[in-house]
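Engineer: Can you read through this structure? Questions will come right after.
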Amino acid sequence: MLIDMQSFYASVEKAKMPQYKNKPLAVAGDPARRSGIILAACPLAKAKGVSTAEPLWQSLQKCPELIIVKPHMQEYIEVSTQIMSIIEEFTDLVEPYSIDELFADFTGSMHLFADNPVELAKQIQDKIYNETGVYARAGIGENKVISKLCCDMIAKKVDGGIFHLKKEELHKHIGDKPIRDMWGIGSRMEKHLWKMGIRTIQDLAKTPLSKLRNKWGVNGEVIWRVANGLDDSPVTVHTHSTQKDIGNGMTLPRDYTDAWEIEVVILDICTEVCRRARKKGLMGSVVSVGIAGADFDHPTGFQRQVKLPDPTNITVEVYETAKKLFHQYWDGLPVRRVGVSLSGLCNDEIYQLSLFDDKEHKRAIDKVMDDIKDRFGDIAILRASSLTTAGQAVDRAAKIGGHYK
């Protein structure tokens, strides 16, 4: 099954505020900090035309009576963990897909609880609702791809929120759906497929695999397999355990136009990225920097990376590299978003010593700062630049995933 929580953030808010049960409600960021977009809207709000990711002011034009609630990310994480624990009462094979979606394999345990998958899904749905107040939907299939397609395209739209899609009936139920509706197809891919005369999921499924592989390689085979409901990957708790990079980014509260301001933000981000790397016992050999301009109509900025001579997780080393990339590629135009990541990860237990650079001293400074933050909080010790008008460390310490806890 793919078990999905309906309007998750909004559902959590409504569960703790029953006075809003029959009123349109949306969870949205802080308009004063440019994050004033809809993160989640309840079904009543969606019926009024409110949609996820649209600006808050547009939603209020459509639905003036809309109740706006700021996000409480820590609560959402806790409820998500609680829901995962509920599902684990029925099977030990639970794989988180996102904060509000989980894959679960009940092949070996269904006989303990129900006679058929739909009955089991109803039990789980009721238990989640009774314990959290969140309404779950379930797509059922013989593999992860079918269950995902089933949930997104059928279960979410039928009464009861549960559907069992058998592989032999795949195209009977979703074959005539627009190709854009299929999991994994974005707007750019849709345009390419339309040029090839592929309009529906069934059109894609019937396209010769060799034709798709010749055009897109492995990605061509991936979308063909999805369209045909083919998936050999098991549901496993270890699917996402291998980390490929450690990164962080932020949308700035205003346009930054001076280089020193952007340098301060880069240092704040590098500090957090390297701290996370050290906590995981990892170093990286590739530093990436992404800058996005302030004009959405005429996008500017860059995404560049550079390979280091030796892997590192030392904050000042990563910062110096990131700063060089910034100055090398920045076009001088106002900046709206900054991101830094560390990839090419390896274990930090073995590292290269240097005759010309006192890296042990730098590591000692990082360790002391990490220990103080772990013990007394993220802002117990800061670099002085973080307290300037450009610094974002203090504000981000009160957030999870860019939103206030």
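Engineer: Give me the pairs: first residue in the range 183-204 and assigned by TED's automatic domain parsing to the domain that holds residue 220 and free of Cβ contacts under 8 Å to residues at least 40 places away in the same chain, second residue of a type in the set (Ser, Thr, Tyr) and in a loop (DSSP other than H, G, I, E, B), beta-carbon distance under 8 Å, and six or more apart or on different chains, which are they?
Structural biologist: 196/207; 198/207
Engineer: Now for a separate question. Mind checking which helices (runs of 4 or more DSSP H) fall wholly inside the range 1-103 and carry at least 3 residues that are surrounded by fewer than 17 Cβ atoms within 10 Å (Cβ to Cβ) and touching a residue at least 12 places away in the same chain (Cβ under 8 Å)?
Structural biologist: Values: elements: 8-16, 43-47, 56-62, 73-87.
In the range 1-103, the matching helices (runs of 4 or more DSSP H) lie at 73-87.
Engineer: Filtering the range 179-230 down to residues that are in a helix (DSSP H, G or I) and hydroxyl-bearing (Ser, Thr, Tyr), which residue is surrounded by the fewest Cβ atoms within 10 Å (Cβ to Cβ)? If you could, list the steps in order and put the result at the bottom.
Structural biologist: Of the residues in the range 179-230, the ones in a helix (DSSP H, G or I) are 179-181, 187-195, 201-206, 209-216, 218-227.
Adding the requirement that they be hydroxyl-bearing (Ser, Thr, Tyr) leaves 187, 210.
Working: 187: 7, 210: 10.
Here the residue is 187.
Engineer: Only helices (runs of 4 or more DSSP H) wholly contained in the range 296-405 count here; list those with 3 or more residues that are surrounded by fewer than 16 Cβ atoms within 10 Å (Cβ to Cβ), within 29 Å of the chain's Cα centre (by Cα) and on the phi < 0 side of the Ramachandran plot. Let's see the steps before the verdict.
Structural biologist: Numbers: elements: 315-329, 359-376, 393-397.
Counting at least 3 such residues, we get 315-329, 359-376.
Engineer: Run residue 254 past the list (1) charged (D, E, K, R); (2) touching a helix residue (DSSP H, G or I) at 6+ places or on another chain (Cβ under 7 Å); (3) in the same structural domain as residue 387 (by TED's automatic domain parsing) and report the number of the one that doesn't hold.
Structural biologist: (2)
Engineer: Give me the residue from the range 323-348 that is in contact with a Gly (Cβ under 7 Å, 6 or more places away or on another chain) and among the charged types (D, E, K, R) and, out of that set, farthest from residue 244 (Cα to Cα). Before you say what the answer is, go through the steps one by one.
Structural biologist: In the first step, residues of the range 323-348 are kept if they are in contact with a Gly (Cβ under 7 Å, 6 or more places away or on another chain); the result is 333-345, 347-348.
Keeping just the survivors that are among the charged types (D, E, K, R) gives 336-337, 348.
On the way: 336: 26, 337: 22, 348: 15 Å.
Residue satisfying both the conditions and the ranking: 336.
The values are calculated or read from the model by the stated rules, or taken from the named source; none is laboratory data. Keep in mind that what you see is a predicted model, and the values were worked out from it rather than measured. When we count neighbours, we look across all protein chains shown, and the Cβ atoms used for this are built from the backbone with ideal geometry, even at glycine.
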